[in-house]
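Take a look at the structure set out below.
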Amino acid sequence: MPTKKKTLCALVTGASRGIGRQIALHLAARGVKVAVCYNANAAAAKAVVAAMPGKGHATFKVDMADPKQVERLWVAANRRLGPISIVVNNAAVHSSHPPLTTSFKDWRKAWKAVIGANLVGPSNLCYLAARAMAESGGGRIVNISSRGAFRGEPDSPAYGASKAGLNSLSQSLAKALAPRGVLVYCIAPGWVETEMATAFLAGPGGSEIRSQHPLGRVTHAGEVALAAVFCALDAPAAMTGCVIDVNGASYLRT
């Protein structure tokens, strides 16, 4: 008699909208039970769960910059859904702080907020996940980075630095955790058509942004989600430590 296939459980941060929402929906469509994590918009997170196929999904509120909340999230999600074997670090914040026009006070504030949410928070969740996954026989971590880690972010240098740090963190963890069956992947999108990008794309600089893309458009959130879900479920182990560009050839690394 065939054994029943075990349901995988995933935790996705920043999953109430945009890329995270699409990742959660695509994972659920593949039969994965998902912890939909959000920071502010509980209604949007619940709407994501309502739109997801399958049962057992749940929402969790977390401020990724707060280590205690990240730890509580990990414990609560594992208790509610079952052992988490997939983590997608998607949540991120962005702020404008050009070095020549930003006060020193606002500069420090921006760096603290952005690095805390975009790098320190994911590193804490990676730590908790890595320890548990190594103990249970393996798992997968997918970190959502940015092309800004490579091309620079002159108006928001803390954002670029946080994503460069996330790339390095992912590769360091990939080397450290591979012997224990924990695989780590990184996705680096460019401009993505999300709520966060709407103001920029609709503004005076929208045409210039689109002109960077040979496709004639920016990336859709679902396209990033497909790459993330591939890494979470299908990518070969030999790809651990990779950083995959999903930017429509708007920035090509050599």
Checklist outcome for this item: Length gained if Ser95 through Asp63 is fully extended, taking 0.36 nm per residue and subtracting the Cα-Cα distance, is 9.9 nm
Checklist entry - Looking only at Asn143, Asn89, Asn78, which one moves most when the chain is put into a Gaussian network model with springs between Cα atoms under 10 Å? => result Asn78
Checklist entry - Could you give me the ³J(HN,Hα) list for the stretch 149-161, computed from phi with Karplus coefficients 6.51, -1.76, 1.60 and θ = phi - 60°, whole Hz, x at Gly and Pro? => result 5, 10, 8, x, 10, x, 8, 9, x, 5, 5, x, 5
Item to check | Dipole of the chain, positive end: most advanced residue of Ala188, Gly121, Leu233 [Cβ charges, Cα centre] | outcome: Leu233
Checklist entry - Which of Leu11, Leu100 comes first, and how do the rest follow, when ranked by fewest Cβ neighbours within 10 Å? => result Leu100, Leu11
Checklist entry - Contour minus end-to-end for Met239 and Leu226, with contour as 0.36 nm per residue of separation and end-to-end as the Cα-Cα distance? => result 3.1 nm
Checklist entry - What's the exposure ranking of Met64, Met196, Met52, going from fewest to most Cβ atoms within 10 Å? => result Met196, Met52, Met64
Checklist entry - the stretch 48-76 to the stretch 212-254: how many Å between their Cα centroids? => result 25 Å
Checklist outcome for this item: Quarter of the surface of the C-alpha convex hull for the chain, i.e. direction-averaged projected area in nm², equals 14.9 nm²
Item to check | Acute angle (nearest 10 degrees) that the helix 42-51 long axis makes with the longest principal axis of the chain, alpha-carbon atoms | outcome: 60 degrees
Checklist entry - Helix 121-136 sits at what angle to the longest principal axis of the chain, using alpha carbons and giving 0 to 90 degrees rounded to 10? => result 20 degrees
Next on the checklist: Which lysines, if any, have their Cα less than 25 Å from the Cα of Lys112, not counting same-chain residues under 8 positions apart?
Outcome noted: Lys61, Lys68, Lys163
Checklist entry - Tally Lys and Arg at +1 and Asp and Glu at -1 over the other residues with C-beta under 15 Å from the C-beta of Asp106: what net charge comes out? => result +3
Checklist outcome for this item: Out of Trp191, Trp107, Trp74, a Gaussian network model of the chain with alpha-carbon springs under 10 Å gives the largest mean-square fluctuation to Trp107
Checklist entry - Under a plain spin-label model, where a point goes 7 Å from the Cα along Cα-to-Cβ, how far apart in nm are Glu208 and Leu252? => result 2.3 nm
Checklist entry - Under a Cβ-Cβ cut-off of 13 Å, what is the net charge of the residues other than Val75 that fall near it, where Lys and Arg count +1 and Asp and Glu count -1? => result +4
Checklist entry - Given H placed on each backbone N at 1.01 Å, which residues far from Val87 in sequence or on other chains put an amide H within less than 5 Å of it? => result Leu11, Arg140, Ile141, Val142
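Just so you know, all these numbers are worked out from the coordinates, no wet-lab data involved. All figures in this text were calculated on a predicted structure; none of them were measured in a lab. Cβ: placed from backbone, ideal geometry, glycine included. Neighbour counts: every protein chain shown.
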